Amino acid sequence: GVLFVMALKGQKFNHYPESLKIEAVRLHKEEGWSQRRIADHLGIKDKDRVKIWIRKFREGGYESFKDRRGDPKRAETEQEREFRRLQMEVDVLKKWLQILNQEVHSTDTSS
């Protein structure tokens, strides 16, 4: 898939690759497509996203799409943080399931 969408508790983290942003701008600039048509064509849910990219392009050209968060160490810690958070959720759910299972078994033996 072109875009990485992770839905968690109704949140969506959409990360669009640089190539997609460039294509969106190209369609607008060279083909004269409307922002809505571009969004539909490229499967972008958020129509405003296209508008933002076009504005960024006008201000800084294609360079503005380079991922300047660039410090790979930082990006990694964000991923690790997210992973830890998910790990915690999983652990909590496991414990909860154990408790539920114990309750179910204890009621079975009493009958």
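The values are calculated or read from the model by the stated rules, or taken from the named source; none is laboratory data. Here the structure is a predicted model, which is why all the values come from computation and not from measurement.
Based on what the data block shows, is Ile99 within 30 Å of Ile22 (Cα to Cα), modelled with pLDDT of 75 or more, assigned to a helix (DSSP H, G or I) and more than 19 Å from the chain's Cα centre (by Cα)? No. Of the numbered criteria (1) at positive phi; (2) modelled with pLDDT of 90 or more, the one Leu20 fails is (1). Of the residues Arg69, Arg58, Arg81, the single one that is at pLDDT 85 or above and over 16 Å from Ser19 (Cα atoms) is Arg58.
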